[in-house]
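To start, the structure itself, in structure tokens.
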Ligand SMILES: *[C@@H]1O[C@H](CO)[C@@H](O)[C@H](O)[C@H]1NC(C)=O
Ligand SMILES: *[C@@H]1O[C@H](CO)[C@@H](O)[C@H](O)[C@H]1NC(C)=O
Ligand SMILES: *[C@@H]1O[C@H](CO)[C@@H](O)[C@H](O)[C@H]1NC(C)=O
């Protein structure tokens with residue numbers, strides 16, 4: 001019982017360490033550190049992340065109806081892009097869990113998704129951001 005309590009505590013601590021960025025914090029990072037200088041493009045990325053992960057860098061999605069799962073800020077799918085516990089083409093050549101808590105790795109993989117499919121690869125963007133992404137200019 002004690003071991004279970006300790007494990008439960010460790011899980012809580014691990015969850016507590018997930019970083020949840022603010023909207024403006026994320027906008028500044030993408031603008032200054034990742035070179036997203038086009039404010040329209042930046043607004044789309046920020047809207048996308050907001051609706052995919054709520055800016056939580058440890059976000060792991062609920063199991064999708066087809067048995068796949070999505071990981072991290074950009075909710076990268078484990079069937080195509082990263083390697084998890086289902087057969088995957090692993091296009092980003094990275095373990096899905098390595099995307100968690102790792103903005104740089106997540107951004108890099110998201111760039112590949114974007115290059116191949118554009119923003120429409122993300123339902124969060126399709127349903128909430130296409131043509132309606134709010135400006136983040138005041139964050140910069
Ligand atoms: C920013 O990106 C949008 C969408 O791709 C494009 O239409 C627009 O021309 C770009 N703006 C500038 C200033 O480059
Ligand atoms: C499985 O579901 C996810 C999320 O809805 C989707 O992105 C992916 O394309 C689906 N895979 C297949 C093979 O339908
Ligand atoms: C985005 O919205 C525009 C305007 O409503 C629409 O024409 C376009 O097809 C949409 N893009 C996607 C990928 O659905």
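Laid out as a table, the results:
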{"read-out": "Neighbours by Cβ (under 7 Å, 6+ apart or cross-chain): first from the range 92-104, at positive phi; second crowded, with 17+ Cβ neighbours inside 10 Å and modelled with pLDDT of 95 or more", "value": "101/57; 101/58"}
{"read-out": "Every residue from the range 29-51 that is within 16 Å of ligand 3 (Cβ to nearest atom) and either over 14 Å from the mean Cα position of the chain (by Cα) or at pLDDT below 95 (or both)", "value": "40, 41, 43"}
{"read-out": "Boolean, residue 54 is within 16 Å of ligand 3 (Cβ to nearest atom) and at positive phi", "value": "no"}
{"read-out": "Subset of the range 114-140 [more than 18 Å from residue 61 (Cα to Cα), assigned to a helix (DSSP H, G or I) and either within 15 Å of ligand 2 (Cβ to nearest atom) or touching a helix residue (DSSP H, G or I) at 6+ places or on another chain (Cβ under 6 Å) (or both)]", "value": "114, 116, 117, 119, 120, 137, 139"}
{"read-out": "Lone qualifier among 119, 55 - being closer than 26 Å to residue 139 by Cα, modelled with pLDDT of 95 or more and within 16 Å of ligand 1 (Cβ to nearest atom)", "value": "119"}
{"read-out": "Members of the range 106-140 that are away from ligand 3 (no atom under 16 Å from the Cβ), closer than 15 Å to residue 73 by Cβ and buried (at least 19 other Cβ atoms within 10 Å of the Cβ)", "value": "106, 107, 109, 110"}
{"read-out": "Residues that are within 14 Å of ligand 1 (Cβ to nearest atom), out of contact with any helix residue (DSSP H, G or I) (no Cβ under 9 Å at 6 or more places or on another chain) and over 12 Å from residue 137 (Cβ atoms), drawn from the range 22-40", "value": "35"}
{"read-out": "Neighbours by Cβ (under 8 Å, 6+ apart or cross-chain): first from the range 112-126, free of Cβ contacts under 8 Å to residues at least 24 places away in the same chain and within 11 Å of residue 52 (Cβ to Cβ); second part of a helix (DSSP H, G or I) and more than 15 Å from ligand 1 (Cβ to nearest atom)", "value": "121/113"}
{"read-out": "Of all residues in the range 12-58 being within 16 Å of ligand 2 (Cβ to nearest atom) and in contact (Cβ under 8 Å) with a residue 24 or more places away in the chain, the one that is surrounded by the fewest Cβ atoms within 10 Å (Cβ to Cβ)", "value": "51"}
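Residues checked against (1) in a helix (DSSP H, G or I); (2) more than 25 Å from residue 140 (Cβ to Cβ):
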| site | (1), (2) |
| --- | --- |
| 74 | no, no |
| 80 | no, yes |
| 87 | no, yes |
| 90 | no, yes |
| 97 | yes, yes |
| 109 | yes, no |
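The values are calculated or read from the model by the stated rules, or taken from the named source; none is laboratory data. Source: prediction; values computed, not measured. All Cβ positions, even for glycine, are placed from backbone atoms using ideal geometry, and neighbour counts span all protein chains on display.
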